[in-house]
Structures are given as C-alpha cells and as structure tokens.
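I have placed the structure first, in the form of structure tokens, so that the comments after it can refer back to it.
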Amino acid sequence: MQMADFEVDSNVNEDRNREKQLDDSFDAWYENIGDQVKRKFDLTNVPQANVFDSAVHLDEDPS
C-alpha cells in the first residue's frame, strides 16, 4: 500500500470494504440527484437565462 492510498482515520477498527461500499453508495446517490435535477430541467424546459431575456426568442423557429 502506498502512502497516497492510505487514509488517516481515527477508527482503528475500520472495515475498508464497508468504507468503500459507503463511498460507492454516496457516489451513486449524488449522481442520482444530478440526474433528477437534469430531468427536472428537461421536463419543465425552464430557460437557464433570465426569463424576460429568453421570452424575446420564444416565437422564433428553432430550426
């Protein structure tokens, strides 16, 4: 084990597999939240810019 792979922790009885499982679970949860936010923006089609500035271009043909 190299020093870069070693994480200093106060828990001397830690279970590395459990810690990795928790890290993986957190990463999946965080990614899931990002996906939900993106889906929300896609479903509502809310412009990211100022609504009043974006409203000027609503009647234009997007093609």
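The values are calculated or read from the model by the stated rules, or taken from the named source; none is laboratory data. Here the structure is a predicted model, which is why all the values come from computation and not from measurement. Glycine gets a Cβ as well: all are built from the backbone with ideal geometry, and neighbour counts include every protein chain shown.
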ask   = Which numbered condition trips up Ser63, out of (1) small (Gly, Ala, Ser); (2) modelled with pLDDT of 70 or more; (3) not in a helix (DSSP H, G or I)?
value = (2)
ask   = Given (1) of a type outside the set (A, V, I, L, M, F, W, C); (2) loosely packed, with under 10 Cβ neighbours inside 10 Å; (3) at pLDDT below 75; (4) part of a helix (DSSP H, G or I), where does Ser54 come up short, assuming only one miss?
value = (2)
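Condition check ((1) modelled with pLDDT under 80; (2) in contact with a Lys or Arg (Cβ under 9 Å, 6 or more places away or on another chain); (3) in a helix (DSSP H, G or I)) across all residues:
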site: Glu19; (1), (2), (3): no, no, yes
site: Leu22; (1), (2), (3): no, no, yes
site: Glu31; (1), (2), (3): no, no, yes
site: Gly34; (1), (2), (3): no, no, yes
site: Lys38; (1), (2), (3): no, no, yes
site: Val46; (1), (2), (3): yes, yes, no
site: Leu58; (1), (2), (3): yes, no, no
